[in-house]
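Peer 1: One structure, pasted below without further comment.
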Amino acid sequence: MSAPSMPSWLANLDDLLRGKRTARDQIASGLVLPWTVYVPLVFLLGGIYGACAGAFSLVRTMGGPHAADGIKQLLASTVKLPALFLLTLVVTFPSLYVFNALVGARLGFRATLELLLASLVVTLAVAASLGPILVFFTLSTESYAFMVMLNVALLGIAGVVGLVFLLKTLRKIADAAAMLGEVEGASGDAIFRVWVIIYGLVGVQMAWILRPFIGHPLAPFGLIRDRQGSFFAGVLENLQRLVN
Amino acid sequence: MTRSTSIPVLVRIDARLRAVGIHGPDLSTSLSARSSSVTLSLRDLLMLIVAAGAAYGACMGTFAYEPSRSLLMLFSAIKIPVLIVTTTVLCLPAFFVLNTAAGLRDDFSRAMRAVLSSQGAFTVTLAGLAPVVMFIYATGVNHRYALLTNGTVFLMASVVAQVVLWARYRVLIAKNPTHVAMLGCWMVLYGFVAVQMAWMLRPFVGDPAQSVSFLRDDPFTNAYVAVLKLVLQN
């Protein structure tokens, strides 16, 4: 029921979010998840969230001597956030493909990659839709530690929605195959579950080395910080800072 | 049940109140005697929220009234609708995308109507309790007690709003149980943002010891950080 005036990329996004692309009859007749549309969408939606995250630095340095740093941080975050998700995919996809091939999974190389890209689009669409809330807190919060925790929480929500989308679609693919009486070809469900954990762990570490996304108001601008520590140690440290 | 009210304004107000009640028009297809015959448009719902919220806000701002402090009435009358409407606007994109991703897009306008109706019920309850608040003010209570009174009234209105929200959602939930999760998402998001919004928009009840101002000197601080510090320092 997409309006005829809707641009095709938006109609694509809308269909994906509504689950039309991954409806049972679609799966039976072959999944069509165009990566040429999804990769730009990852950059667009991730960029929106990244800009909302980077706005903290802009707001905090505005009118000060480091105002230029704020703008740089905003631009850097806009690029870095989609890069975070795509780079994590690049690093972890080969392992998933190898596992899948070893168990003789139903989905081929391209189909698997496109399904994962679709999950990223869903994740980042939710993240981008939480952007206004992030900007509101950006305008009303001085605490850098709070902003870090809020970003972790919002991206966590988005990640869960993307994950549910991925697992649901896999389940539907398995059901469709079962209905066709296909006995060969493992569903690869278990492998995906393990892989999601790998993706998550690599993702948080990737996020850690790509820091800063928000930009500490007192630190000078740098595209990437010195490599040290880990995500989990960082979160714990932040929790302590929140109260000091 | 007879409705003998004949003054046109009262008839219209009565219809609006019923429309945001638990027997509002979205609830069922059968028109029982108690159900509302009026379906409010989204614009009408918004007008109702703004009008009733402003009415309560004006009453809220009359604490320790003197002519020199009458601006506080205007400030609070502006702030209550701003609090409700702005918070809704901020949470709307996420609510929309989450509903869509859950496959509930076709129900979205009904879900939104349910949410706005419950906010209508919230503000109407506030406005209905405004005379009670004014009475308590008139008994000469101190600022702390005035805050406590308003807090209690807000709590009562929240309970009413919850009842209306769940009543309105019942049909949707019967259709698809995923609506329960969406309602949960809405309440968490809305609550999380509303707390900070209310913190920023302080004071709602002017402290007679402080000068009249629209916002406190430090509006741009974080409510959650402030509470955490308060808890841990004691």
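Peer 1: Choose one answer from A:Tyr38, A:Tyr97, A:Tyr49: the residue with the largest mean-square fluctuation in a GNM of chain A with alpha-carbon springs under 10 Å.
Peer 2: A:Tyr97
Peer 1: Under unit Cβ charges (Lys, Arg +1; Asp, Glu -1), what dipole magnitude, rounded to 20 debye, does the protein assembly as shown have relative to its Cα centre?
Peer 2: Result for the protein assembly as shown is approximately 500 debye, rounded to the nearest 20.
Peer 1: Another question about this same structure. Rounded to two decimal places and with Rh computed the Kirkwood way over Cα pairs, what is Rg over Rh for region A:23-243?
Peer 2: Checking Rg against Rh, the ratio lands at 1.04.
Peer 1: Okay, next question. Considering only C-alpha atoms, what is the centroid distance from region B:164-216 to region A:75-94, in Å?
Peer 2: 35 Å
Peer 1: Under DSSP H, which helices of chain A have Cα atoms covering 27 Å or more of the helix axis and a Kyte-Doolittle average no less than 0.5?
Peer 2: Going by DSSP H runs, the hits are A:35-61, A:67-102, A:109-129, A:144-179, A:189-209.
Peer 1: Pick from B:Asp207, B:Asp14, B:Asp218: which is most flexible by mean-square fluctuation in a GNM of chain B where alpha carbon atoms under 10 Å apart are linked?
Peer 2: Of the options given, B:Asp218 has the highest mean-square fluctuation.
Peer 1: For region A:53-136, divide the Cα radius of gyration by the Kirkwood radius and give the resulting Rg/Rh value with two decimals.
Peer 2: 1.19
Peer 1: Provide the solvent-accessible area of B:Asp106, counting protein heavy atoms only and rolling a 1.4 Å probe, rounded to the nearest 10 Å².
Peer 2: 120 Å²
Peer 1: Protein chains only, probe 1.4 Å: how do B:His179, A:His216 rank by accessible area, largest first?
Peer 2: These residues rank, largest area first, as A:His216, B:His179.
Peer 1: If you don't mind, there's one more thing I want to ask. State, as an integer percentage, the relative contact order of chain A based on alpha-carbon contacts under 8 Å between residues 6 or more apart.
Peer 2: 27 percent
Peer 1: Of the residues A:Thr22, A:Thr141, A:Thr78, which exhibits the maximal mean-square fluctuation in a Gaussian network model of chain A defined by a 10 Å Cα contact cut-off?
Peer 2: Greatest mean-square fluctuation among the candidates belongs to A:Thr141.
Peer 1: While we're looking at this one, here's another question. Toward the positive end of the charge dipole of region A:23-243, about the Cα centre and with charges on Cβ (Lys, Arg +1; Asp, Glu -1), which of A:Ala55, A:Gly70, A:Trp195 goes farthest?
Peer 2: Among A:Ala55, A:Gly70, A:Trp195, the one farthest towards the positive end of the dipole of region A:23-243 is A:Gly70.
Peer 1: Taking a cut-off of 28 Å between Cα atoms, list the lysines near A:Lys168, but don't count ones fewer than 8 places away on the same chain.
Peer 2: A:Lys20, B:Lys175
Peer 1: Something else about it: Would you kindly derive the ³J(HN,Hα) couplings of region B:127-143 from the backbone phi angles with the Karplus curve 6.51 cos²θ - 1.76 cosθ + 1.60 (θ = phi - 60°), listing them in order in whole Hz, with x for Gly and Pro?
Peer 2: With the stated coefficients, region B:127-143 comes to 4, x, 8, 4, x, 4, 4, 4, 5, 4, 4, 5, 6, x, 6, 7, 4 Hz.
Peer 1: A further question follows. At 1.4 Å probe size, what's the solvent-accessible area of A:Glu114? Round to the nearest 10 Å².
Peer 2: Only protein atoms counted, so the area is about 20 Å².
Peer 1: Estimate for me the total accessible surface buried between chains A and B (protein heavy atoms, probe 1.4 Å, no ligands or nucleic acids), in Å² to the nearest 100.
Peer 2: Approximately 2100 Å², summed over both chains.
Peer 1: In addition: So what is the accessible area of region A:23-243 per residue, in Å², with the probe set to 1.4 Å?
Peer 2: Accessible area per residue: 46 Å².
Peer 1: Given the convex hull over the Cα atoms of chain B, what projected area results after averaging over all orientations, in nm²?
Peer 2: Seen from a random direction, the Cα hull of chain B projects 15.4 nm² on average.
Peer 1: Compute from the Cα atoms of the protein assembly as shown the Rg and the Dmax, the latter being the longest Cα-Cα distance, and quote both in angstrom.
Peer 2: Final numbers for Rg and Dmax: 25.9, 84 Å.
Peer 1: About its Cα centre, what dipole magnitude does chain B give when the only charges are +1 on Lys and Arg Cβ and -1 on Asp and Glu Cβ, stated in debye to the nearest 20?
Peer 2: In total the dipole reaches around 440 debye.
Peer 1: Pull up all non-local amide H partners of B:Gly206: gap of 5 or more, or a different chain, and H-to-H distance under 5 Å with H placed in the peptide plane.
Peer 2: Result for B:Gly206 returns B:Phe63.
Peer 1: In whole Å, how far is the Cα centre of region B:112-144 from that of region B:96-111?
Peer 2: A separation of 31 Å, based on Cα centres.
Peer 1: Quick check: Cα centre of region A:190-244 to Cα centre of region A:115-147, how many Å?
Peer 2: That distance is 15 Å.
Peer 1: Compute, for A:Phe109, the solvent-accessible surface of its heavy atoms (probe 1.4 Å) with the complete set of protein chains present, and express it in square angstrom to the nearest 10.
Peer 2: Spelled out: A:Phe109, probe radius 1.4 Å, area about 100 Å².
Peer 1: Using the Karplus equation 6.51 cos²θ - 1.76 cosθ + 1.60 (θ = phi - 60°), what ³J(HN,Hα) coupling, rounded to whole Hz, does each residue of region B:180-191 give in order, writing x for Gly and Pro?
Peer 2: 4, 5, 5, 5, x, 4, 4, 5, 5, 4, 4, x
The values are calculated or read from the model by the stated rules, or taken from the named source; none is laboratory data. Predicted model only: the values in this text are computed from it and were never measured. Cβ atoms come from the backbone with ideal geometry, glycine included; neighbour counts cover every protein chain shown. When the accessible area is computed, the model is the full protein with side chains, heavy atoms only, and any ligands, DNA or RNA have been set aside. Shrake-Rupley method; radii C 1.70, N 1.55, O 1.52, S 1.80 Å.
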